[in-house]
Amino acid sequence: MSSFLQGLEWRHATKAFDSNRKVSSDDLGHVLTAIRMAPTSFGLQPFRVDVIASADVKADIAPLAWHQKQITTSSHLLVFSARTNAKGRIDQYFSELSGNDAAKRAGLKDYEAMMHGALDARTPDQLFAWASKQAYIALGFGLAACAELKIDSCPMEGFGPAELDKLLKFDSDTRSVALLALGYRDPAVASMPKFRFPEADLFHNR
């Protein structure tokens, strides 16, 4: 079995971390690189990740997440948010892709027009749903990187997004969708046995 699959077998949703152990800056960097390299629709990466190491900020977030221990005992808490300003994101994408060279950008005009054609007519709710899906793809890559590096993690949706957005002073185009707590499991807290449905339940050949 590959180290990647072994990592997936090893990982579980850690409910309590050892608050005395911290993820190194190098390992955190590898996790963030995996998130950054995740595939997204049009390559637009319409999400934002806030990396929270501050104990004070995590303590402020805890009441918004029903005081779940993962928040305050984690080494780092990643807040994944959807960016809904598609037009602005497209403009930023092509500005950076072209190096702000007008001639290079002109050569990309058909691709740029295609993106606008696909996204400009979407409602704010549709853009939020689309951007949220991209954020979750990136979250999955972060989880996989943690598993391979033997960093414990716990993805979380149990929090008040509107309250968290206000706490983190997000603008109206940025809305939190998920949390990812990182660290190392507390050996004193027993974990539930890993359960997955059998392959026959999940996979259907046709």
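Nothing in this text is a laboratory measurement; each read-out follows from the coordinates by a stated rule. None of the values given here were measured: they were computed from a predicted structure. Virtual Cβ from ideal backbone geometry, glycine too; neighbours counted across all protein chains shown.
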If contacts are Cα pairs under 8 angstrom and at least 6 residues apart, what is the relative contact order of segment 3-202 in percent? 38
At most 12 other Cβ atoms within 10 Å and a DSSP loop assignment: could you name the GluC sites (Glu not before Pro) in segment 138-185 that fit? Glu157
Compute the projected area of the convex hull of the Cα atoms of the chain, averaged over all viewing directions, and report it in nm² to one decimal place. 15.1
Under 29 Å from the Cα of Lys15 - lysines, other chains or at least 8 residues apart: Lys58, Lys69, Lys133, Lys150, Lys166, Lys169, Lys194
Give a quick list of trypsin sites (Lys or Arg not before Pro) in segment 126-205 that DSSP marks as loop, anything other than H, G, I, E or B, with at most 16 other Cβ atoms within 10 Å. Lys150, Lys169, Lys194, Arg196
Would you work out which of Gln92, Thr40, Leu168 lies farthest towards the positive end of the dipole of the chain? Charges go on Cβ: Lys and Arg +1, Asp and Glu -1. Thr40
Can you list the chymotrypsin sites (Phe, Trp or Tyr not before Pro) in segment 1-75 that are in a DSSP coil and have 15 or fewer other beta carbons within 10 angstrom? Trp66
Cβ-Cβ cut-off under 11 Å around Lys194, Lys and Arg +1, Asp and Glu -1: the net charge is +1
With charges set only on the Cβ (+1 for Lys and Arg, -1 for Asp and Glu), what does the dipole of segment 3-202 come to about its Cα centre, in debye to the nearest 20? 100
